[in-house]
Amino acid sequence: MSYISIMTDFGGPVGVMKGVIWRIAPEAKIADISYYISPHNILEGALILDHQAFYFPDNTVHVAVVDPGVGTHRRPIAAQIGPQRFVGPDNGLFTPMYERAERNHWPVQIIHLDKPEYWLPRVSNVFHGRDIFSPVAAHLANGVPLGNLGTPIDDPARIPLPAPQCTDSEVIGQIILIFDNFGNIITNIHEDDIAGLGEVKIQVGGVEIDGLVRTFGERELGSLVAVVGSSGYLMIAEVNGSASRRLKASIGDRVEVTSRS
Amino acid sequence: MSYISIMTDFGGPVGVMKGVIWRIAPEAKIADISYYISPHNILEGALILDHQAFYFPDNTVHVAVVDPGVGTHRRPIAAQIGPQRFVGPDNGLFTPMYERAERNHWPVQIIHLDKPEYWLPRVSNVFHGRDIFSPVAAHLANGVPLGNLGTPIDDPARIPLPAPQCTDSEVIGQIILIFDNFGNIITNIHEDDIAGLGEVKIQVGGVEIDGLVRTFGERELGSLVAVVGSSGYLMIAEVNGSASRRLKASIGDRVEVTSRS
Amino acid sequence: MSYISIMTDFGGPVGVMKGVIWRIAPEAKIADISYYISPHNILEGALILDHQAFYFPDNTVHVAVVDPGVGTHRRPIAAQIGPQRFVGPDNGLFTPMYERAERNHWPVQIIHLDKPEYWLPRVSNVFHGRDIFSPVAAHLANGVPLGNLGTPIDDPARIPLPAPQCTDSEVIGQIILIFDNFGNIITNIHEDDIAGLGEVKIQVGGVEIDGLVRTFGERELGSLVAVVGSSGYLMIAEVNGSASRRLKASIGDRVEVTSRS
């Protein structure tokens, strides 16, 4: 059984990619990870892919299309990163996965996709998701070895992933994702970063939040709460409301966690 | 062949739940019922799930995540309700299905999910959809007996489902769902409730509609029409327009159907 | 292996159609082509379906539901059009596919679906997508011959597809699709229409664009560019911006491509 996921910034499902995949890999099971990445937002796509990809069966092929440089000199690539495989543009979209591999001492193999025999016969300059990435993913799902698809590289593009500054008494980070639907704010501060601070207060958007709660329902409706989100990062939420709207939050806004002890 | 549906209020697909399912149940076929339930709106989720679930193959496992109380004392549950199976929070989300079972004298078995060996090893307090409900659904799809997954209960949470008031000459109900895309309004008045009234007029939002039509196209563009919707409930629509916008409709607004005879 | 695609104007996934299909065709693999067609916009649905359907495996069944006349005298139909199959309302939604067949001298067989034994037992007047089109698609996927499902017709409904006016020195066309997510504008001018013009300038929305580029990244951020889109039609885009917002573009707006030589 072979699995393929698709993540794009297209704003809706684009079934044509599934059609292309099934022509080549008739048995592949395909899931959308998201098609709501903000247009051209490589950092957002990178983080969301990293939060989801490693829950899939081993050797799932994740096709990721956040690709403002489509058709230019940016390379199309495919990569084996530990237990998962990725196909997409070489624009930094896989940076968190490279860092995850480094933390876990996983093997990484990255291939510049330069063999058109694994693509559709006719390639549009504006939709490599359909014409290069989907067919390559299907061939990978079929068992074609990664190395056959192109030329090994060891200099993939990376984007800066903002890291928090940590001292013994405080951690200074920033807002890194905003989930519009619930208005929840995700920071780049991991629960491990603040584990040593004891009791804390959190400052964000001119507001101070007293301590972390275990889950939303521990404070009354309308309260701002700080909680560890589902990927292990500090999250700010309004109970049954929208923290992002209340705080007029933007990506990059400063978040401070300070020890009370 | 095993089937799983997913319904959430997340506002977009969340592929990670499919990844979790496929790691445990590699063959499961998965469909999204909806991910556009209004955030935290248990009534809306309950109604839409009830309108769709029973069209699926028998023994489909329906994972439903409208879960404002995630991580609090609300129980995670799974249930066999007649021919279908459901997994989600015990917050009333399955109320219409319990009532449907009672009307049809179906057997119902409800299990409090209290056996972590069927969950992911690490459970976030804010995303039981990924960490509890998806793995439990996959184990059910694999054939694990419902009773193995936890402890039987007979006091599931229920929410009030507003019922219309019926007399010989009129039925007074309310708006219960609004489909934003077309602007169609669904009421809680079933076609059976008004079958004995003969010719009728409908009053809603200060407007009177003369009689029911069989379908939209029977009146001219821009007309307000009353029609029996696809789940058997009275629906108000504007032909090729938006009834909800025209009537400034809100959930709970009064709808009166009165006999003309 | 059998494949079914679904395209609707419902604004979100409607899993119930997949449930209906799987009850009849348990093995079918199903993909959403789109559920974001503008409500009741037959032309938009027709174009998007034509751009995607032929990338699917041969004999995929494409269920298309943009159906303002549901429940009226408009016929439900199914068709074999060259290598692909289609099921939906007879309202012109398949016009570009008929024209594609004529250009390619493909055989076409069109059936008026008038045999209720292939539908759900109870048919709503407002949701033939669930009650007629999905079960018919599933029976087709199961191998039921097209001709068994109803009565052959040769007068399917067509909609006008606006064609550009071409001379030796210019092509006058119009805006035919707008992709809101990126703000890209698709015209009805095919790359073949302008192949003989040499160097060109493009006029749209009171703005003149100098020449075609090969892809977005060849001009600087914020530039308006003209490029051949992924379906072979002239596209106007703003590099990392929204051409539709900048030009206040509407469907039908005039687009002129003029030779510079």
Restricting the search to region B:36-58, which residues are in contact with a strand residue (DSSP E or B) (Cβ under 7 Å, 6 or more places away or on another chain) and either facing chain A (nearest Cβ under 9 Å) or touching a residue at least 40 places away in the same chain (Cβ under 8 Å) (or both)? B:GLU44, B:GLY45, B:LEU47, B:ILE48, B:LEU49, B:GLN52, B:ALA53, B:PHE54, B:PHE56, B:PRO57
Testing A:PRO152 on (1) at pLDDT 95 or above; (2) outside any strand (DSSP E or B); (3) open to solvent by 60 Å² or more (accessible area, probe 1.4 Å), one condition comes back false. Which one is that? (2)
Among what's in region C:155-211 and is part of a helix (DSSP H, G or I) and closer than 16 Å to C:MET235 by Cα, pick the residue that is most open to solvent (accessible area, probe 1.4 Å). C:ASP192
For region C:241-261, name all the residues that are of a type in the set (D, E, K, R), surrounded by 16 or more Cβ atoms within 10 Å (Cβ to Cβ) and part of a loop (DSSP other than H, G, I, E, B). C:ASP253
Could you give me the residue pairs with C-beta distances under 9 Å whose first residue belongs to region B:180-200 and is closer than 25 Å to B:LYS248 by Cα, whose second residue is basic (Lys, Arg) and part of a loop (DSSP other than H, G, I, E, B) wherever it lies, and which are 6+ apart or on separate chains? B:VAL200/B:ARG260
Assess whether C:GLY12 counts as being closer than 21 Å to C:ASP90 by Cβ and open to solvent by less than 20 Å² (accessible area, probe 1.4 Å). no
Give all pairs with beta carbons closer than 8 Å in which a residue from region A:112-129 that is open to solvent by less than 50 Å² (accessible area, probe 1.4 Å) meets a residue that is at pLDDT below 95 and part of a helix (DSSP H, G or I); count only pairs at least 6 apart in sequence or on separate chains. A:VAL126/C:PHE216
Please specify each residue of region A:59-69 satisfying the condition of being surrounded by fewer than 22 Cβ atoms within 10 Å (Cβ to Cβ) and either within 14 Å of chain C (Cβ to nearest Cβ) or hydrophobic (A, V, I, L, M, F, W, C) (or both). A:PRO68, A:GLY69
Out of curiosity, is B:SER244 out of contact with any Ser or Thr (no Cβ under 6 Å at 6 or more places or on another chain) and at pLDDT below 95? no
Which condition breaks for B:LEU221 when tested against (1) crowded, with 20+ Cβ neighbours inside 10 Å; (2) hydrophobic (A, V, I, L, M, F, W, C); (3) at pLDDT below 95? (1)
Residues of region A:79-98 that turn out to be polar (S, T, N, Q) and farther than 16 Å from A:THR60 by Cβ, as a count: 2
Scan region A:79-103 and report the pairs whose first residue is modelled with pLDDT under 95 and whose second residue is in a loop (DSSP other than H, G, I, E, B), with Cβ atoms within less than 9 Å and a gap of 6+ or a chain change. none
If we scan region B:26-40, do we find a residue that is among the hydrophobic types (A, V, I, L, M, F, W, C), under 20 Å from C:ILE24 (Cα atoms), open to solvent by less than 10 Å² (accessible area, probe 1.4 Å) and over 17 Å from the mean Cα position of the chain (by Cα)? yes
List every residue pair whose Cβ atoms sit under 6 Å apart, with the two residues 6 or more apart in sequence or on different chains, where the first one lies in region C:217-237 and is in a loop (DSSP other than H, G, I, E, B) and the second, anywhere, is charged (D, E, K, R) and modelled with pLDDT of 95 or more. C:GLY232/C:GLU191
For region A:1-15, give me each residue that is over 11 Å from A:ALA137 (Cα atoms) and in contact with a Ser or Thr (Cβ under 8 Å, 6 or more places away or on another chain). A:MET7, A:THR8, A:ASP9, A:GLY12, A:PRO13, A:VAL14, A:GLY15
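Residue check: is B:ASP32 more than 13 Å from chain A (Cβ to nearest Cβ) and at pLDDT 95 or above?
no
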Return the residue satisfying two criteria in turn: it lies in region C:99-136 and is away from every other protein chain (no Cβ under 14 Å) and of a type in the set (A, V, I, L, M, F, W, C), and of such residues it is farthest from C:ARG158 (Cα to Cα). C:VAL136
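Here's a check for you: in region B:18-29, which residue that is assigned to a helix (DSSP H, G or I) and facing another protein chain (nearest Cβ under 8 Å) is farthest from B:SER231 (Cα to Cα)?
Per the criteria, the residue is B:ARG23.
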Could you count how many residues in region C:1-17 are at the interface with chain B (Cβ under 8 Å from one of its Cβ atoms) and either part of a strand (DSSP E or B) or free of Cβ contacts under 8 Å to residues at least 24 places away in the same chain (or both)? 3
Search result, residues across region C:41-55 that are of a type in the set (A, V, I, L, M) and open to solvent by less than 10 Å² (accessible area, probe 1.4 Å): C:ALA46, C:LEU49, C:ALA53
Looking only at residues in region C:77-107 that are over 13 Å from the mean Cα position of the chain (by Cα) and of a type in the set (Lys, Arg), which one is surrounded by the most Cβ atoms within 10 Å (Cβ to Cβ)? C:ARG85
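The values are calculated or read from the model by the stated rules, or taken from the named source; none is laboratory data. Note that this is a predicted model, so its numbers are computed, not measured. For neighbour counting, all protein chains shown are included, and Cβ atoms are generated from backbone atoms with ideal geometry for every residue, glycine included. These area figures cover heavy atoms from the full protein model, side chains too; ligands, DNA and RNA do not enter into them. Shrake-Rupley method; radii C 1.70, N 1.55, O 1.52, S 1.80 Å.
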